[in-house]
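Single-structure report; data block below.
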């Protein structure tokens with residue numbers, strides 16, 4: 001025991017006598033051992049934290065918009081001239097190049113083959129315009145809110161021009177109600193000349209005010 005005391009004496013010999021004499025030397029050894037173990041534990045946790053910050057590979061942010069994103073210049077151009085009725089947005093002649101439809105709730109389904117009929121019910125004659133212009137039609141998953149759909153539509157439709165610059169694209173999005181069921185609709189419209197209409201958000205009662213059809217000129 002004396003050899004052990006002699007070997008461990010440096011652990012307590014540095015203390016002032018009035019402090020060292022407060023406890024038996026064996027108790028001081030135990031206190032110092034516990035303090036050393038706590039210091040090692042804290043240092044280990046700090047080192048692990050530093051390691052994670054410096055070397056842990058950051059997870060890539062999930063791009064939830066990727067399956068919805070649409071480059072507008074990839075939408076098909078109409079191959080036919082305008083039909084008997086010409087589509088107007090605020091009296092500006094346009095062609096239909098993109099139609100995006102989404103259910104307005106989880107319990108509602110959208111039949112891709114019925115999109116033309118849906119457009120026809122929204123604006124009489126718009127289904128015939130779609131049949132003539134041959135736009136790209138996309139069905140999105142059900143949306144939690146119509147405002148969320150509008151935001152996603154405008155965020156995911158990418159114009160070749162910078163936002164705010166004159167463009168031939170007019171993007172219209174909003175909610176419609178057919179047979180008491182909410183449906184969310186976004187249209188990509190292509191004007192003859194660049195304009196500053198840009199992006200429009202419509203409530204159900206506004207579609208017929210913004211989108212109009214007029215009889216086109218007779219062609220031989």
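Observations on the model:
- Per residue, the convex hull around the alpha carbon atoms of the stretch 82-152 comes to 99 Å³.
- Sequence ranges 115-125, 95-105, ranked by mean other-Cβ count within 10 angstrom, highest first: 95-105, 115-125
- Compactness index (Cα Rg / 2.2 N^0.38 Å), the stretch 70-215: 0.97
- Order of 161, 203 under a 10 Å beta carbon neighbour criterion, fewest first: 203, 161
- Whole-number Å³ per residue for the convex hull built on Cα positions in the stretch 150-206: 82 Å³
Values in this text are rule-based calculations from the coordinates and carry no lab data. Computed from a prediction, not measured in an experiment: that's the story for all the values here. Neighbour counts are summed over all protein chains in view; Cβ atoms, including those assigned to glycine, are modelled from backbone coordinates with ideal geometry.
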